[in-house]
Amino acid sequence: MNIAVDEKTAVQDESAHTRKQRRKRHLILLGGAALLIATVVFGVYWMTVGRYLEQTDDAYVRADWIPISPKVSGYVAEVLVEDDQSVKAGDVLVRIEDRDYQARLEQARAQLAETQASVAAQEANLRVTDSLIAQQQAGVAQAQAHARSVAAELHRAHLDQRRYEGLVREHAASAQRLETAAASYTQASAAVEIAKAMQRQQETRLTVAISRRQLAQASLQQQIARRSQAQAQLNLATHAQEDTLIRSPIDGVVGQRKVRTRQYVAPGLPLLAVVPLQQAYVVANYKETQLRDMRAGQPVDISIDSYSGRKLKGHVVSYSPGSGAVFALLPSDNATGNFTKIVQRFPVKIVIDEHDQDGPILPGMSVVTTVDTRPANQGVAHD
């Protein structure tokens, strides 16, 4: 009985072992098949997509923030913004006391009014000289006509004198008649001389009037130049008075606010900064070996370290014309000493296509960027 039981138990153990071995072989086959399928899928992915993806974690968010400085000097009357406050382009950030600039503006306006009056007076003087010239031209014309008239009278008197001389020689006329003709000729000669003198006098007056007009024209040009200078001074005073209101040049957020009320500020002194968060972009430092197929317009996946799992889309805009070592304050000189080759990195500018509302993207944040360099994506820009 014991022998039969032992044999039965042995048969059962052998059957269980056989099933276990068969199950193990099936699992190995399934695992091998799954591994083969995974290898094939990974290989296909690598050949079609993976080998074209260039990734780096040496990437950071940047923004072209603007330092705000005054154009004029003075004491700060009021600071109208707080730290980290959002502002719009044109909003007043700081107001400087403008009493002195207002006084200078009024002074410039008065100087401009004075020069405008001077210009008006010189224009009136020029019109008077023009009228005087016209009058003298008429006088010259009248003198010329009178000279021609007395010249004609002289010619007639000369002919009368010659005619009466012949008549007297022929005893056809009396000597008294000849004397009268001679006296008329002498009077006509004197009248001609007087007419010529009057004509020269009128011409001289005309020359003087023309000279006066030239002087008046020069004075007018001088006053016009003074008016232009006064207008420029008024513009400068207006601009200086307007510059007492320091406005935001762009939309952004206030940062680095150092200015305080009653502080004396001078041109060029940094007061605060305006950071355009909506214009933030990414600068990724890729190795030189990763730039072979990288082109502007290629799509980029952006992962922000501050927001785990948050993905953004962007595209490549450009890359630096030189590596960071070229633009370093103390660039290395590889022509001296022992040489060790180091892979260089080049900054690549990436624009974020759309800023979502899940959280602010602040300059300085670390990100991971992945550029798709597949040929089909070259030159494709994202809106």
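Yes or no: region 305-316 includes at least one residue that is under 20 Å from Asp84 (Cα atoms), out of contact with any Lys or Arg (no Cβ under 7 Å at 6 or more places or on another chain), modelled with pLDDT of 90 or more and not in a loop (DSSP other than H, G, I, E, B).
No, the conditions are met nowhere in region 305-316.
How do the pairs read when you match residues in region 307-325 that are without any contact (Cβ under 8 Å) to a residue 24 or more places away in the chain with residues anywhere that are among the acidic types (Asp, Glu), using Cβ under 9 Å and keeping only pairs 6 or more apart or on different chains?
From region 307-325, the pairs are Lys311/Asp301.
Return yes or no: is Glu114 under 17 Å from Ile224 (Cβ atoms) and surrounded by fewer than 18 Cβ atoms within 10 Å (Cβ to Cβ)?
Judged against the criteria, Glu114 is a match.
Kindly indicate whether Pro347 is on the phi < 0 side of the Ramachandran plot and at pLDDT 90 or above.
Against the criterion (on the phi < 0 side of the Ramachandran plot and at pLDDT 90 or above), Pro347 qualifies.
Hey, could you check region 307-352 for residues that are in contact with a helix residue (DSSP H, G or I) (Cβ under 7 Å, 6 or more places away or on another chain) and among the hydrophobic types (A, V, I, L, M, F, W, C) and say which is surrounded by the fewest Cβ atoms within 10 Å (Cβ to Cβ)?
Filtering region 307-352 for residues that are in contact with a helix residue (DSSP H, G or I) (Cβ under 7 Å, 6 or more places away or on another chain) and among the hydrophobic types (A, V, I, L, M, F, W, C), the one surrounded by the fewest Cβ atoms within 10 Å (Cβ to Cβ) comes out as Val343.
Residues checked against (1) at positive phi; (2) in a helix (DSSP H, G or I); (3) in contact (Cβ under 8 Å) with a residue 24 or more places away in the chain; (4) not small (Gly, Ala, Ser):
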position	(1), (2), (3), (4)
Arg127	no, yes, no, yes
Ala138	no, yes, no, no
Gln142	no, yes, yes, yes
Ala151	no, yes, yes, no
His158	no, yes, yes, yes
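Going by the conditions given, is Ala110 at negative phi and part of a helix (DSSP H, G or I)?
For Ala110, the condition - at negative phi and part of a helix (DSSP H, G or I) - is met.
Which of the residues spanning region 255-304 are crowded, with 16+ Cβ neighbours inside 10 Å and hydroxyl-bearing (Ser, Thr, Tyr)?
Tyr281, Tyr286, Ser303
Taking the stated definitions as given, is Lys71 loosely packed, with under 12 Cβ neighbours inside 10 Å and either of a type in the set (Val, Ile, Thr) or farther than 20 Å from Ser219 by Cα (or both)?
In short, no.
Kindly evaluate Ala240 against the criterion of being part of a helix (DSSP H, G or I), surrounded by 13 or more Cβ atoms within 10 Å (Cβ to Cβ) and in contact (Cβ under 8 Å) with a residue 60 or more places away in the chain.
Yes; evaluated as a whole, the condition is true for this residue.
The values are calculated or read from the model by the stated rules, or taken from the named source; none is laboratory data. Quick caveat, the model's predicted, so the values are computed rather than measured. Here Cβ is always computed from backbone atoms with ideal geometry, including for glycine, and neighbour counts include all displayed protein chains.
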